[in-house]
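Notes to accompany the following structure.
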Amino acid sequence: MLPAPGVFHFLWEITSGAVQEGATVRTIGRLACYRLEDSEVTLTLRHGSAQHQLVVLTGFVEPFLPITGALYMTLGECESRGDGDTVLRARVLTCVEGVNLPQLEHAVSEQRRFFQEREGGTPTPHTTTGGPC
């Protein structure tokens, strides 16, 4: 049986606890640091005035060439550590430097709205941070 395809969630959604443990997610962030000895990277992303970060376990995707400061998209499962922090166990980790983040956020919001309307729910307002598309 194939694993779930993964719903797109932004770092601030994952770190706020909005995503359940064991959920398959896709997310994007800037590679802040890579700890080879722990097989971990830290992805960061700014949302509003807050800087959010998420630890991604890279044991399944190594070896790879880390580029500090570059945008990476990852697909994996959310796990909870003993200290209560959420981590993502990556199945896919790829550099996507050059992606227009405001446009990506807008596209994800529109996709969520479409799926919600299709299922008969009430659409939610946009959550984009602004800026031209």
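The values are calculated or read from the model by the stated rules, or taken from the named source; none is laboratory data. Note that this is a predicted model, so its numbers are computed, not measured. Glycine also receives a Cβ, built like all others from the backbone with ideal geometry; neighbour counts cover every protein chain displayed. Areas reflect the complete protein model, heavy atoms only, side chains present, ligands, DNA and RNA absent. Shrake-Rupley method; radii C 1.70, N 1.55, O 1.52, S 1.80 Å.
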Problem set entry | Rounded Å value of the spacing that divides the Cα centres of segment 1-50 and segment 80-119 | 8
Exercise. Which residues make up the longest stretch of the chain that has no GluC sites (Glu not before Pro) in a DSSP loop with at most 15 other Cβ atoms within 10 Å?
Worked result: 22-96
Problem set entry | Sequence-separation-based contact order of the chain, relative, with Cα cut under 8 Å and 6+ spacing, percent | 21
Exercise. Carbon and sulfur: what percent of the chain's accessible surface (1.4 Å probe)?
Worked result: 55
Seminar exercise, completed: the chain, Kirkwood Rh and Cα Rg, ratio Rg/Rh at 0.97
Exercise. Using all Cα-Cα distances in segment 2-46, what percent lands in each 5 angstrom bin from 0 up to the longest?
Worked result: 5, 19, 24, 22, 21, 8, 0
Problem set entry | Cα-based radius of gyration of segment 53-107 once divided by 2.2 N^0.38 Å, which approximates compact folds | 1.26
For this session: Calculate, for the chain, the solvent-accessible area per residue in square angstrom, rolling a 1.4 angstrom probe over the heavy atoms of the protein chains.
Result: 58
Exercise. Taking the Cα atoms only, what angle lies between the long axis of helix 101-118 and the longest principal axis of the chain, rounded to 10 degrees?
Worked result: 60
